[in-house]
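Here is the structure we will look at.
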Amino acid sequence: MSSNAFGKLLTVTTFGESHGPAIGCVVDGCPPGLTLDAEEFRHDLERRATGRSRYTSQRHEADEVEILSGVYEGRTTGTPIALLIRNTNQRSKDYGDIVQTFRPGHADYTYWQKYGIRDPRGGGRSSARETTMRVAAGVIAKKWLAEHHGVRVRGYMGQIGDITPDAFDWDAVEQNPFFWPAADQVPALETYINALRKSGDSVGARVNVVADGVPPGWGEPIYGKLDGELASALMSINAVKGVEIGDGFAAVSQHGSEHRDEMSLDGFASNHAGGILGGISSGQPVTASIVLKPTSSILVPGHSVNLAGEPTEVVTKGRHDPCVGIRATPIAEAMVALVLMDQALRHRAQCGDVGVVEPRITS
Ligand SMILES: C=C(O[C@@H]1CC(C(=O)O)=C[C@@H](OP(=O)(O)O)[C@H]1O)C(=O)O
């Protein structure tokens with residue numbers, strides 16, 4: 001399988017460059033009969049898109065999905081679902097200066113070393129524009145998971161720079177451009193991001209995802225562990241530098257008596273494991289976190305080298321995000337949903353309709 005595809009029974013292949021004519025994906029393995037309309041992609045694509053608030057890149061793309069195949073009379077047919085979004089707002093001249101230089105912290109240098117050729121316009125294939133198609137594919141997975149298993153995948157921003165939420169409310173998350181769970185802090189975040197943008201710099205962020213309703217049994221126990229595949233899928237998102245499942249790295253200072261999630265027939269007493277034990281879902285909410293690095297395309301001058309091997313200074317022009325993490329919540333949700341749907345299909349393929357096995361712990 002090429003590096004542009006992932007999944008086993010549900011596979012997703014994305015294609016396209018940020019400043020090419022279009023981006024797209026092929027979702028293969030979706031069972032037949034799921035109702036699907038191009039309008040259903042709009043909500044999540046809007047949540048991810050640039051130019052929808054003043055705190056993100058000001059590139060304005062409509063992100064209109066065309067369904068090219070795999071859907072007949074509004075229902076999936078079981079054949080590959082091809083989705084296409086045309087790029088309409090490229091401004092390739094912004095990238096004139098980086099044709100000859102490598103932005104520090106960006107993939108310019110590594111793409112050059114790997115391929116000996118690169119599309120510098122908008123970062124080409126390495127652009128976060130590619131994540132649009134992950135979100136589109138994720139819409140299908142979210143819908144299938146909800147309809148067939150009552151699973152709901154939701155995310156929120158858990159930290160931006162040094163700021164952490166002082167309260168938690170799912171309703172607040174969708175009411176501000178930061179996916180921030182504490183409404184009272186939103187004005188302070190606005191001030192913070194405005195100042196950051198003016199300074200020409202950027203900052204990192206943490207995004208947390210919770211999948212509720214995942215039944216016990218999903219995940220392959222050794223090489224296809226649910227947590228392993230979540231980590232791989234989440235780490236493949238642009239700018240992600242860290243992934244945690246459950247308590248993640250906080251486990252380093254915990255004792256076994258604290259970390260284990262004690263059980264009774266009424267439920268688990270805690271969820272340090274993030275809903276996964278031995279690579280298999282336990283029936284508790286599946287929780288994952290990602291950390292996204294600060295955007296590397298910034299106005300603060302930085303040292304680099306050019307194609308001639310000379311020292312140079314780079315200042316990135318154009319329309320960039322002061323914090324790529326601001327738009328990452330729907331992307332992380334999509335990757336979690338796609339992994340879960342793939343694992344659900346794999347569990348069904350091997351174990352059939354193994355239903356409730358006693359004792360079943362309520363979660
Ligand atoms: C286009 C998107 O994000 C882009 C991601 C990006 C980068 O370097 O990753 C750089 C910018 O590209 P451009 O200079 O073409 O505006 C962002 O706008 C998108 O997410 O849809």
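The values are calculated or read from the model by the stated rules, or taken from the named source; none is laboratory data. In this text, all values refer to a predicted model and were calculated from it rather than measured experimentally. Neighbour counts are summed over all protein chains in view; Cβ atoms, including those assigned to glycine, are modelled from backbone coordinates with ideal geometry. Side chains included, ligands, DNA and RNA excluded: accessible areas come from the protein's heavy atoms. Shrake-Rupley method; radii C 1.70, N 1.55, O 1.52, S 1.80 Å.
Residues in segment 178-219 that are open to solvent by 50 Å² or more (accessible area, probe 1.4 Å) and outside any helix (DSSP H, G or I) were compared, and the one that is farthest from residue 248 (Cα to Cα) is 201.
Residue by residue, here is whether (1) within 13 Å of the ligand (Cβ to nearest atom); (2) open to solvent by less than 40 Å² (accessible area, probe 1.4 Å) holds:
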| residue | (1), (2) |
| --- | --- |
| 37 | no, no |
| 48 | yes, yes |
| 65 | no, yes |
| 82 | no, yes |
| 90 | yes, no |
| 93 | yes, no |
| 107 | yes, yes |
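Residues in segment 317-343 that are open to solvent by 10 Å² or more (accessible area, probe 1.4 Å), more than 10 Å from the chain's Cα centre (by Cα) and not aliphatic (A, V, I, L, M): 5 in all.
Looking for something within 12 Å of the ligand (Cβ to nearest atom), open to solvent by 40 Å² or more (accessible area, probe 1.4 Å) and either touching a Phe, Trp or Tyr at 6+ places or on another chain (Cβ under 8 Å) or not hydroxyl-bearing (Ser, Thr, Tyr) (or both) - is there at least one such residue anywhere in segment 126-137? Within segment 126-137 (the criterion being within 12 Å of the ligand (Cβ to nearest atom), open to solvent by 40 Å² or more (accessible area, probe 1.4 Å) and either touching a Phe, Trp or Tyr at 6+ places or on another chain (Cβ under 8 Å) or not hydroxyl-bearing (Ser, Thr, Tyr) (or both)), the answer is no, since none of the residues qualifies. Considering only residues in segment 1-22 that are more than 17 Å from the chain's Cα centre (by Cα) and modelled with pLDDT under 95, the one that is farthest from the ligand (Cβ to nearest atom) turns out to be 1. When residue 114 is tested against (1) out of contact with any strand residue (DSSP E or B) (no Cβ under 9 Å at 6 or more places or on another chain); (2) surrounded by fewer than 23 Cβ atoms within 10 Å (Cβ to Cβ); (3) in contact (Cβ under 8 Å) with a residue 12 or more places away in the chain, just one condition goes unmet, and that condition is (3).
Applying the condition of being within 16 Å of the ligand (Cβ to nearest atom) and among the polar types (S, T, N, Q) to segment 296-322 and asking which residue is farthest from residue 197 (Cα to Cα) yields 304. Please name all residue pairs, on different chains or six or more residues apart, with Cβ atoms under 6 Å, provided the first residue is in segment 50-64 and is over 14 Å from residue 128 (Cβ atoms) and the second residue is open to solvent by less than 90 Å² (accessible area, probe 1.4 Å) and more than 9 Å from the ligand (Cβ to nearest atom). Partner pairs satisfying both residue conditions: 53/177; 55/177; 55/193; 55/326. Those strands (runs of 3 or more DSSP E) of segment 247-363 in which 2 or more residues are under 24 Å from residue 189 (Cβ atoms) and of a type outside the set (Asp, Glu) occupy 286-292.
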